[in-house]
Amino acid sequence: MEDTAEGESQLCEICKVTFTEQSDQLVSCECCSMWFCIQCLSMSSEEYSFMEARPDIHWFCKDCEHPALVAVKTDREIEERCEQYLEAVSERMAKIEQSLLGKADSVDVNAFRVDVTELDSKVSGVHLDIDKLDKKIELVYQEPREREKRRNNIVIRGIPEKEDTPDGDMVTELFQAIGVSPEPPKHMTRLGKKRLDGSSRPIRVILDSEADKGHCLKSAKKIREVTNLSYSGDQVFICPDQTQLERQEDAKLREALRKKRESDPTGIWKIKGKRGVTAA
């Protein structure tokens, strides 16, 4: 839990009141770093003082609490598995050393070298798995914040990159063609480095509101009916701006759909939200 530093202001994410005094009582979520006043949390001053005096107490907001607890549990399970594995490795090494002390001819030495190489390989594999899990845990911790950052965003794919025409003009032209007129985007940018093969990069568009985003996504199906664009709309798609975890889940669903269509080409299969791949 962090204290409100002197001279800084903190915005409570629930009541949206800005607090400026060092004596104001707010708590910060250790995952998303957002601030909450104790009034909105129904927390007493005594409870706040107790938490403030105990740096070993960790506090998470309601959106981050479950992912954080899952991550802590996973961390502990990884630690226990590593301890068990390394203990088994130590025992095996001790037995090999005892064997060498009793009979250290060239055959035993070579066998020892082979065993050590195999153990090194296994330990490296364990470290690799831990690194992967650490990255996954970090993504889970950051997920609420990343979704909030993308709440009003869309990604447009397939709009060509033209040196003589600004991206903003082509996006505005697309919006007008499909019958949406959102407030002027707060920001838009091409994603990634310019491609050597000349293919166009996606455009991330930050809209003024979640309502504007919903309107754009709902109207996206009209793109195939548009004939008056100054560029081809055949390969233009509008989709939500997904987090890394959402992109990973989306890729899994698309792979499951591909396999389903291969195994049953006569069926009509579609991805239907959280239900996954189902018959149309």
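The values are calculated or read from the model by the stated rules, or taken from the named source; none is laboratory data. This structure is a prediction, so every number in the text was calculated from the model and none was measured. Heads up, the Cβs are rebuilt from the backbone with ideal geometry, glycines too, and the neighbour counts pull from every protein chain shown. The protein model used for the area step is the full one, side chains on, heavy atoms only, and it has no ligands, DNA or RNA in it. Shrake-Rupley method; radii C 1.70, N 1.55, O 1.52, S 1.80 Å.
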Task: Positions within the range 160-196 being within 21 Å of residue 234 (Cβ to Cβ) and open to solvent by 70 Å² or more (accessible area, probe 1.4 Å), in sequence order - done: 162, 169, 176, 195
- [ ] Go through 64, 40 for me and flag whichever is touching a residue at least 24 places away in the same chain (Cβ under 8 Å) and surrounded by 18 or more Cβ atoms within 10 Å (Cβ to Cβ).
- [x] 64
Task: Verdict on residue 15 being open to solvent by less than 70 Å² (accessible area, probe 1.4 Å) and farther than 17 Å from residue 144 by Cβ - done: yes
TODO: Take the range 47-61 and flag every residue that is touching a helix residue (DSSP H, G or I) at 6+ places or on another chain (Cβ under 9 Å) and either open to solvent by 50 Å² or more (accessible area, probe 1.4 Å) or polar (S, T, N, Q) (or both).
DONE: 58
Task: Checklist (1) open to solvent by 50 Å² or more (accessible area, probe 1.4 Å); (2) within 23 Å of residue 149 (Cα to Cα); (3) modelled with pLDDT under 75 applied to residue 3, failing item - done: (2)
TODO: Please enumerate the residues belonging to the range 202-219 that are basic (Lys, Arg) and out of contact with any Pro (no Cβ under 8 Å at 6 or more places or on another chain).
DONE: 204, 218
Task: Among residues of the range 220-253, those that are among the small types (Gly, Ala, Ser), out of contact with any helix residue (DSSP H, G or I) (no Cβ under 8 Å at 6 or more places or on another chain) and either more than 11 Å from residue 174 (Cα to Cα) or modelled with pLDDT under 90 (or both), counted - done: 2
Open item on the list: List pairs: first residue in the range 171-182 and at pLDDT 90 or above, second residue among the basic types (Lys, Arg) anywhere in the structure, Cβ distance under 6 angstrom, at least six positions apart or on different chains.
Closed with: 178/222
Open item on the list: With the condition being farther than 20 Å from residue 150 by Cα and more than 24 Å from the chain's Cα centre (by Cα), I'd like the strands (runs of 3 or more DSSP E) fully within the range 161-275 carrying at least 1 qualifying residues.
Closed with: 269-271
